[in-house]
Every structure is written in structure tokens, then in C-alpha cells.
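Peer 1: Quick one: the structure is below, questions incoming.
The values are calculated or read from the model by the stated rules, or taken from the named source; none is laboratory data. Remember, it's a predicted structure, so these values are computed and weren't measured experimentally. Glycine also receives a Cβ, built like all others from the backbone with ideal geometry; neighbour counts cover every protein chain displayed. Please note that ligands, DNA and RNA were not included when accessible areas were found on the heavy atoms of the full protein model with its side chains. Shrake-Rupley method; radii C 1.70, N 1.55, O 1.52, S 1.80 Å.
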Amino acid sequence: MRLDVNLLDYLLIAVYFATVLAIGFAARRRISSSLDFFLAGRGLPAWITGLAFVSANLGAIEILGMAANGAQYGAMTVHYYWIGAVPAMVFLGIVMMPFYYRSKVRSVPEFLRRRFNGATQLLNALMFAVAQILIAGVNLYALALVMEALLGWPLPVSVVVSALIVLSYITLGGLSSAIYNEVLQFFVILAGLIPLTVLGLIKVGGVSGLFDKVRRSALGEGGLHTWAGTAGSNPMQAHWIGIVFGLGFVLSFGYWTTNFAEVQRALSARNTNAARMTPIIAAFPKLFIPLVTVLPGMIALVHFGDLGKGQDYNDAIPLLMRDLLPNGVLGVAVTGLLASFMAGMAANISGFNTVFTNDIWQAHVRPDRPDVHYLKVGRVATVAGVALGVGTAFIAAGYSNIMNYLQALFSFFNAPLFATFVVGLFWRRMTPWAGFWGLLAGTASAFASYFAYKAGVVNFGTELNASFWGAGVAFVVDVLVSVIVTLVTTPKPEAELRGLVYGLSAVDLEDDALAGDRRWYRSPVLLGTGAVILAALLYGVIL
């Protein structure tokens, strides 16, 4: 799978890396406190944080993984975008961001400490830290696949070199460097994927030619539909209940509303309205990302006869790059994949270093130290996080489709957290220890569901469907345990819950609106509703 790169391709890649490092050095001059390092000083406009929000998710996992899903499951993969992302992103912007931003918390675990107690904060912080290291390993493995194809390096060498690339600029400039690079990376990624998609469609005879070939492939007619067959047989072997409840509600809302690697971008915005607009601005490009991820996967399926047999589904994008792109364009595409890795990895590591420093080290290990101490700890945590990610990269190497592995991680860590969060947000009676025990029980049940599937005790059909149902089980168990524990323990006084639960606003809250925030085109509710309606209309094209 060696790519036929030449001097022009390498030159484009070198220019990109020089730009990335330059942004890191420029951002370093603005770092004077831990707030600058971890949250970019809370001073960024909505369009910057919005593009960073979607770019942080558009990592190598997203590109290689969703292309792999497109090849393995066909059009049903768009569920991850139109029901599995956009509604939750809109909910985050309209409902949850005011609570996050106006409480002045630095992380999701810190919000849980204020709403519940220190034990819940520590449990979530440890779970989040583990999850980010595992997901960082997936990102490293994904880029290592590209490096192996590009340079012919062995996988271990590619993993280590790839880790050093991202470590350099995150350590230099913290979140500011990550966010500004993510905005650049968003456009570089699209510049690489759009030509690949267009040339791929030309190769298979356009959209009609692709559809004809998919019908004759192993996917059959089911590979061209999203909801048809979800009460019976379909390529994903998923029932519509699992898609709607497991993916569309639990996994989706659990990821987008509580995953600090994403929420951190919105917390760096300059005021409440900009923070609310961040995920909603990101929702609009998210609607159309399947055109450059899922579609190339389907193209690879019909273009390479042995995909999923002799070749891993993960190889769909690199194989298309090898066969379709001329030099120069190939350099742009490779740079786009490198950029996608760096965006995803930066989100993982910047989230990890913030939570480790603020919610583990400062809150439970070394409190009341000078701010410069925590700034140093954050930089050390960055190095440690990347080093640990190198180790976990080899776990991801055991999966032929890395998205299966990733969705399993989300069902373990995000689904139960969402249950704890949403019940605590809307039910003020929920007690501190209900938050802790509900989260612990929900997480344990998600693991139990997954291992029961792997052991053959229950049959969910596919890994993805197992993640859907595991997420649903985790959510239900978390809610039930939270209710039971609440009935036998003491709730917090309402005075301690102001600004943390729905219906109890903080009495000393100041209006931070800026000039123009109340114009109709800056309305989170209006724009968010438009994004959800557009998602529903897109479904109408490929029911």
C-alpha cells in the first residue's frame, strides 16, 4: 500500500508542519496563567471555537473509521451524523452550555463536584482520563497506518514519531495552539478529502454508477438505505429502537454533551452566547461531512473487491489515495490525514491534561498551590498523556474497524455519564451519593453488557449494535440506581444548587452579552432548530 509520493508532496507536508509549529510558538507568548493554557483565557469568538469544535471531532478516527463503516455498513453510517450528532450538539448549545459556562467551571468533572460531591468528580475524572488515553491511542494508530503507507515505516516506529509530532505544539501553546491549529486543520482536511471523493465518484461512474455497484456488492440494496429494514434485516443488523435510543439518545447525547474534549472548546469562548453558538455552528458542517467520509468508504468497497477480506476496512481511504490521486493532490490528501490526526489527538490530550491537573491533582492530590505549579503540572501531564497514548495504540491495532472499538469505549464511559448528568440537571432532589453510585453502576453494566456479547452469552449481531444496546443498558441502570440511592440519602440544600440545576438560577449572575448578540442570526435557538430540520430533510433523500 506504499504511496507514490514525490518531492512536491513532501514539500507540501513540510510547509504544513512548519505552519503548525509556528502557531504553537506564537500561542506560547500568550500563556501566562493556567487559565490561558487550559481554556485559552476564555476569549475566543464563536466562529473560531465552532470550527475547532467540529475539527476536534474530525480526527483520523472519524475519517478512517467512518470510511471503514461506510464500506462495511453502507448508507446506514450516516446515522452517526444526522441522528447521532446534530440533535445532541444543538441540545448542548441551547440547554447545557449556559450551565457549564456561567458556573465558571474549568471541566465537566468540576461541574459534577459542584452538583454532587468530590467523590463523583474524582470517579468521572479518572474515567475520562482513561478514556482519553485509549482514544488518543486510536488516533495514533490511525496516523501510523498513514505513515506506514507513506514512508514504509514499521508500525511501532510510526506510532512513536506520530506522537512526537503532536506533542510539540500542544506543550508549547496549550489550548490556544490546539484551537487555532484545529481551525487550520479543518480546511486542510477538506482540501484533501474533496478531491478524493470527486475522483472516486468519477472512477465508479458517478453517483448512479456507485449505487448500481453497491447493489451488486455484499451490502446489496440495504447498503443504500438508512431506515429501511431496521425492523428486520439490514447490513448493520441494528433495530430502529437501538438506533434511536442507543445511538440517537444515549450514545449521542452522552458524547456531545458531557465529553470534555469537545465541551472544552466551547468553554474557551468569550461569553455565554459565543459558548452556546459553538456546537451549533459546528452542527452545520457536521451535516455534510458524510459526503467526504462515508461516501469514499462505499466507493472503496466497490473499487476493491477484497475490502474486509484481504484488506482491513480501515485501509479504505489510504487505498483510494494510492490508486486515484496524482502527485501534488496526493500531498494535500496526506497532509489532510496528518491534520486530522493532529486535530483529534490534540483534543484528547488537551482534555486529558486539563482534567488531570484540575480535577485529580489540584482537587485531590496537591490543593492550594501557586498557579505556576499547576501550569507546570499541565505541561508534564501533556507529555505523560502522549506517552501513554503510544502504549494504547497497539490495542487499537487489534481491530479491523477502529470505529467498532471507539463506539465500545463511548458506551463504557459516555453513556452512563450522560444519565448522571441529565438526571442531576433536571431533578434537583437527586443527592450527591446518587451521582456517585449511579455513575459507577452504569459504567459497570456497560462493561458487563459488552463482555457478555464477546463471550457469546447474548447475540447483538455486530459490534456496533452491541454498543447501541450496551449504552442503553448503562443509561437505564444508572437512572434506576440514582433514583434508589436518592430515596435513602440526603439532598443538597437549594442554595448550593443555584446555577447548577434547571430552574434555579444564580441570583448574582451578570449579563455578559456583547453588542449584536441578540440579532436573529446569532440566536442559538433559531439556528439550532434549523440544523435539526435540515438533518431530517437529508434523511428524506436516502430513507
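Peer 1: Which residues, counting only those in region 2-27, are open to solvent by less than 60 Å² (accessible area, probe 1.4 Å), closer than 16 Å to Leu337 by Cβ and free of Cβ contacts under 8 Å to residues at least 60 places away in the same chain?
Peer 2: Matches in region 2-27: Ala14 only.
Peer 1: Run down Val86, Val166, Val108 and say which single residue is within 20 Å of the chain's Cα centre (by Cα) and more than 20 Å from Asn353 (Cα to Cα). If you could, list the steps in order and put the result at the bottom.
Peer 2: Details: Val166 fails: more than 20 Å from Asn353 (Cα to Cα); Val108 fails: more than 20 Å from Asn353 (Cα to Cα).
Sole residue among the options that is within 20 Å of the chain's Cα centre (by Cα) and more than 20 Å from Asn353 (Cα to Cα): Val86.
Peer 1: Can you tell me which residue in region 406-434 is surrounded by the fewest Cβ atoms within 10 Å (Cβ to Cβ), limited to those that are in a helix (DSSP H, G or I) and over 24 Å from the mean Cα position of the chain (by Cα)?
Peer 2: That would be Phe426.
Peer 1: Still on this structure: Would you point out which residue out of Ala397, Ala333, Ala384, Ala363 is small (Gly, Ala, Ser), more than 18 Å from the chain's Cα centre (by Cα), closer than 29 Å to Pro296 by Cα and open to solvent by 10 Å² or more (accessible area, probe 1.4 Å)?
Peer 2: None of the other options fit; the residue is Ala397.
Peer 1: Of the residues that make up region 291-303, is at least one outside any helix (DSSP H, G or I) and touching a helix residue (DSSP H, G or I) at 6+ places or on another chain (Cβ under 8 Å)?
Peer 2: Among the residues of region 291-303, not one is outside any helix (DSSP H, G or I) and touching a helix residue (DSSP H, G or I) at 6+ places or on another chain (Cβ under 8 Å), which makes the answer no.
Peer 1: Which ones in region 91-111 are under 23 Å from Pro285 (Cβ atoms) and open to solvent by 10 Å² or more (accessible area, probe 1.4 Å)?
Peer 2: Once the filter is applied, which keeps residues that are under 23 Å from Pro285 (Cβ atoms) and open to solvent by 10 Å² or more (accessible area, probe 1.4 Å), region 91-111 yields Phe91, Ile94, Val95.
Peer 1: Continuing with the same structure: Does region 504-519 contain at least one residue that is outside any loop (DSSP other than H, G, I, E, B) and buried (at least 16 other Cβ atoms within 10 Å of the Cβ)?
Peer 2: First pass over region 504-519, keeping only residues outside any loop (DSSP other than H, G, I, E, B): 504.
Those still in the list that are buried (at least 16 other Cβ atoms within 10 Å of the Cβ) too: none.
The answer is no; no qualifying residue exists.
Peer 1: Please find, among Pro279, Pro285, the residue that is open to solvent by 10 Å² or more (accessible area, probe 1.4 Å), over 21 Å from His225 (Cα atoms) and assigned to a helix (DSSP H, G or I).
Peer 2: Answer to the check: Pro285.
Peer 1: Of the conditions (1) open to solvent by 40 Å² or more (accessible area, probe 1.4 Å); (2) assigned to a loop (DSSP other than H, G, I, E, B), Leu534 fails just one. Which one is it?
Peer 2: (2)
Peer 1: Continuing with the same structure: Considering only residues that are surrounded by 24 or more Cβ atoms within 10 Å (Cβ to Cβ), at pLDDT 70 or above and of a type in the set (A, V, I, L, M, F, W, C), look in region 167-182 and name the one that is nearest to Ala22 (Cα to Cα). It would help to see each step written out before you state the result.
Peer 2: Step one: list which residues in region 167-182 are surrounded by 24 or more Cβ atoms within 10 Å (Cβ to Cβ), which gives 169-170, 173-179, 181-182.
When the remaining residues are screened for being at pLDDT 70 or above, the result is 178-179, 181-182.
Then keep just the ones that are of a type in the set (A, V, I, L, M, F, W, C); that gives 178-179.
Numbers: Ala178: 12, Ile179: 14 Å.
The extreme case among them is Ala178.
Peer 1: Restricting the first residue to region 511-534 and requiring it to be on the phi < 0 side of the Ramachandran plot, which pairs with a second residue that is in a helix (DSSP H, G or I) and of a type in the set (Phe, Trp, Tyr) meet a Cβ separation below 7 Å and a spacing of at least six or different chains?
Peer 2: Matching pairs, first to second residue: Leu526/Trp520; Ala531/Phe284.
Peer 1: Name every residue in region 76-86 that is outside any loop (DSSP other than H, G, I, E, B) and either within 21 Å of Ala274 (Cβ to Cβ) or touching a strand residue (DSSP E or B) at 6+ places or on another chain (Cβ under 8 Å) (or both), in order of residue number.
Peer 2: Of the residues in region 76-86, the ones outside any loop (DSSP other than H, G, I, E, B) are 76-82, 86.
The answer is Val86, and nothing else.
Peer 1: Quick one: in region 334-383, which of the residues that are in contact with an Asp or Glu (Cβ under 8 Å, 6 or more places away or on another chain) and within 13 Å of Gln264 (Cβ to Cβ) is modelled with the highest pLDDT?
Peer 2: Asp359
Peer 1: Which members of region 451-477 meet the condition of being of a type in the set (Ser, Thr, Tyr) and either in contact with an Asp or Glu (Cβ under 9 Å, 6 or more places away or on another chain) or without any contact (Cβ under 8 Å) to a residue 12 or more places away in the chain (or both)? It would help to see each step written out before you state the result.
Peer 2: From region 451-477, those of a type in the set (Ser, Thr, Tyr) are 453, 462, 467; that's our starting set.
Selection gives Tyr453 alone.
Peer 1: Follow-up question, since we're still on this one. Of (1) at pLDDT below 95; (2) more than 26 Å from the chain's Cα centre (by Cα), Lys454 satisfies all except one. Which?
Peer 2: Just one mismatch for Lys454, condition (2).
Peer 1: Determine if region 204-214 includes at least one residue that is outside any helix (DSSP H, G or I), under 30 Å from Val332 (Cβ atoms) and open to solvent by 30 Å² or more (accessible area, probe 1.4 Å). Spell out how you get there, then give the answer.
Peer 2: The first filter runs over region 204-214 and keeps only residues outside any helix (DSSP H, G or I), leaving 204-205.
When the remaining residues are screened for being under 30 Å from Val332 (Cβ atoms), the result is 204-205.
Subsequent filtering for residues that are open to solvent by 30 Å² or more (accessible area, probe 1.4 Å) retains 205.
Yes: one or more hits.
Peer 1: Something else: So if I check each of Leu164, Leu122, which one is out of contact with any His (no Cβ under 8 Å at 6 or more places or on another chain), open to solvent by 10 Å² or more (accessible area, probe 1.4 Å) and either part of a helix (DSSP H, G or I) or modelled with pLDDT of 90 or more (or both)?
Peer 2: On the way: Leu122 fails: out of contact with any His (no Cβ under 8 Å at 6 or more places or on another chain).
Unique residue meeting the criteria: Leu164.
Peer 1: Okay, next question. Within 30 Å of Met403 (Cβ to Cβ), of a type in the set (A, V, I, L, M, F, W, C), open to solvent by less than 60 Å² (accessible area, probe 1.4 Å) and within 30 Å of the chain's Cα centre (by Cα): does that describe Val481?
Peer 2: Yes, satisfied.
Peer 1: Going through Val422, Val477, Val473, Val458 one at a time, which residue ends up being under 22 Å from Val105 (Cα atoms) and in contact with a helix residue (DSSP H, G or I) (Cβ under 8 Å, 6 or more places away or on another chain)?
Peer 2: One residue alone meets the criteria, Val422.
Peer 1: Related question: Here's a check for you: in region 457-478, which residue that is open to solvent by less than 30 Å² (accessible area, probe 1.4 Å) and at pLDDT 90 or above is farthest from the chain's Cα centre (by Cα)?
Peer 2: Looking at the filtered set, the residue picked out is Asp478.
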